[in-house]
Amino acid sequence: MLTASADQRALGYLGRALSLELSAVQLYTTQAKLVLTWGLDEVAEKFRAEAAEELEHAERLISRMLAVGVAPNASQLRPVKLGLNLQQLLEHDHAFEMELVLLYEDAVQHCFRIGDQENRLLFEALLEEEKEHARSLAKWLQQVS
């Protein structure tokens, strides 16, 4: 199923990104359920919205993987990190988003170096969205600290 022109390292970035995006879906969905038990309905809604955004990222990655002829395989979902309060949850979330930012920065640079415009454009778009998530979480974290 692999296309002849597929760069193995770019495929690796796609696979790692899919694993992290699906891990983020699991993280935010779990956190939404947790904060509901704390009576924080509005916060739960924000976490559900984050989970939906991350699922949309995963869908875009899956589409790209299929387009280059590989079967999507999220090989390692991260364990969910919880906390005793909202501040701890947001600290975990911000660190997780920064990990995604770093992955996408590396992927963009690699794709630029090898002239892989299609993957680069996908990674650039996801990078900007994850940077915005990180900024939003940092601001939210400041508000609850």
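Observations, loosely collected:
- Cubic angstrom per residue, convex hull over Cα atoms of the range 1-113: 88
- Whole-number D in µm² s⁻¹ for the range 7-63, Kirkwood Cα-pair radius fed into Stokes-Einstein, 10 °C, 1.306 mPa s: 133
- Mean residue ellipticity, 222 nm, helices only, the chain: the sum of -39500 (n - 2.57) across DSSP H runs of n ≥ 4, divided by residue count and rounded to 500, is -28500 deg cm²/dmol.
- Pairs of Cα atoms nearer than 8 Å and 6+ residues apart set the relative contact order; for the chain it is 27 percent.
- Net dipole in debye of the range 8-144 [+1 Lys, Arg Cβ; -1 Asp, Glu Cβ; about Cα centre; nearest 20]: 360
- Site pair K139 and K81 shows an inter-label distance of 2.3 nm when each label is modelled 7 Å from Cα along Cα→Cβ.
- Nearest 10 degrees, 0 to 90: helix 117-144 Cα axis against the chain principal axis: 10
Only the coordinates and a few stated rules stand behind these numbers; no lab work does. This one's a predicted model, so the numbers in the text were calculated from it and none came from an experiment. All Cβ positions, even for glycine, are placed from backbone atoms using ideal geometry, and neighbour counts span all protein chains on display.
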